[in-house]
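S.K.: Here you go, one structure.
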Amino acid sequence: MSGVSARSLAKGSAPPGPVPEGKIRVYSMRFCPYARRTLLVLKAKGIGHEIININLKNKPDWFFKKNPLGLVPVLENSQGQLIYESVITCEYLDEVYPGKKLWPDDPYEKACQKILLESFSKMLSLMLSFPRKLNDSKQNKEECAGIKEELRKEFSKLEEVLTNKKTTFFGGNSVSMIDYLIWPWFERQEPGELTECVSHTPKLKQWMTAMREDPAVSAFFLDAKSYQGFFRLYLQNSHEACDYGL
């Protein structure tokens, strides 16, 4: 079964058949922020696609032939060509498929977005480590407080970018690639108990509100309860984590 809300394929499952002509397949996982990047670009550009969810806690053996690293997202086209790594998949989709270009045409503006992405990537280790630390909060209260303080400082830098640009979005007056590439982690702020980290950043909060109204974002949006259920099971190494709520 395929689709964003389909149950994931796990160890022992049969591999899916060939990709239909005129479509592209994305191997994903409902709660994975990296795979969400690719899904957002597919939706924003109106690209015909099918979604195969993979159980990242109990991966099927055949999936390692799609990506030797065993990670999502992976794109597969009807010629059997495979592309993986989230930013690379997004660049591929933007270059190969027609419609609105999400990267700026101007080389300087594109470089600026990539610099911002590189800066944001340094925040990811903090954001990704927090749910695990929170799970052991009795032992890690001071460490959790330290992570939150570091994130407040990092989000202040994003606030400064928006203030200097005088635009709603990081790429200008409309959503562009950089917005889609960083959004998935902001969707996880409430379930990750990190909302206070943006309390001092009005421009960034305005951006978050605007992003929630974007059609691509709203199409894949998951509520805080779903994320919290996933986090709980994932940190227990449960094979049911990836299918929480289905």
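Where a number appears in this text, it was derived from the coordinates with a stated rule and is not lab data. Note that this is a predicted model, so its numbers are computed, not measured. Using ideal geometry, Cβ is built from the backbone for each residue, glycine included, and neighbour counts are taken over all protein chains shown.
S.K.: Pairs K65/K114; K43/K100; K11/K225; K110/K148; K45/K122; K165/K203: which exceed 20 Å Cα-Cα?
M.R.: Over 20 Å apart, Cα to Cα: K65/K114; K11/K225; K110/K148; K45/K122.
S.K.: Pull out a ≥ b ≥ c, the square roots of the eigenvalues of the alpha-carbon gyration tensor of region 178-235, then state rounded if a/c is under 1.5, prolate if not and a/b is larger than b/c, and oblate in the remaining case.
M.R.: oblate
S.K.: For a protection proxy built on the mean count of beta-carbon atoms within 10 angstrom, sort 5-14, 27-36 highest first, please.
M.R.: Values: 5-14: 15.4, 27-36: 23.5.
The packing order, highest mean first, is 27-36, 5-14.
S.K.: Rank G70, G229, G48 by mean-square fluctuation in a GNM of the chain with C-alpha springs under 10 angstrom and give only the top-ranked residue.
M.R.: Maximum fluctuation in the GNM of the chain, among the listed residues, is at G48.
S.K.: Compute the Cα gyration tensor for the chain, then decide on rounded, prolate or oblate, letting a ≥ b ≥ c be the square roots of its eigenvalues: rounded whenever a/c is under 1.5, prolate when a/b is larger than b/c in the other cases, and oblate in all that remain.
M.R.: Note, shape of the chain comes out oblate.
S.K.: Also, quick follow-up: Consider a paramagnetic label point 7 Å from the Cα of S121 along Cα→Cβ; state which residues of region 152-183 have an amide N under 17 Å from it.
M.R.: Counting only backbone N, you get 177-183.
S.K.: Now for a separate question. From the square roots a ≥ b ≥ c of the eigenvalues of the alpha-carbon gyration tensor of region 117-246, which class results: rounded (a/c under 1.5), prolate (a/b over b/c), or oblate?
M.R.: Because a/c hits 1.5 or more and a/b fails to exceed b/c, region 117-246 counts as oblate.
S.K.: Given H placed 1.01 Å from N in the peptide plane, which residues other than close sequence neighbours of V74 have an amide H under 5 Å from its amide H?
M.R.: Placed amide hydrogens put Y27 under 5 Å from V74.
S.K.: Normalised by the number of residues in the chain, what is the relative contact order in percent for Cα pairs under 8 Å and 6+ residues apart?
M.R.: On the way: 337 pairs, mean separation 54.0, N = 246.
About 22 percent, as a whole number.
S.K.: Can you pull out the trypsin sites (Lys or Arg not before Pro) in region 43-133 that DSSP calls coil and that have at most 14 other Cβ atoms within 10 Å?
M.R.: Qualifying residues, ordered by number: K100, K101.
S.K.: Taking the Cβ of K225 as the center, what net charge do the other residues with Cβ under 12 Å away carry, scoring Lys and Arg +1 and Asp and Glu -1?
M.R.: Charge balance in the 12 Å sphere: -1.
S.K.: What does the charge add up to near P60, with Lys and Arg as +1, Asp and Glu as -1, over the other residues with Cβ less than 15 Å from its Cβ? Mind showing how you got there, number by number?
M.R.: Numbers: positive: R7, K11, R25, K57, K59, K65, K66; negative: D61, E76, D243.
Taking every Cβ under 15 Å from that of P60, the sum is +4.
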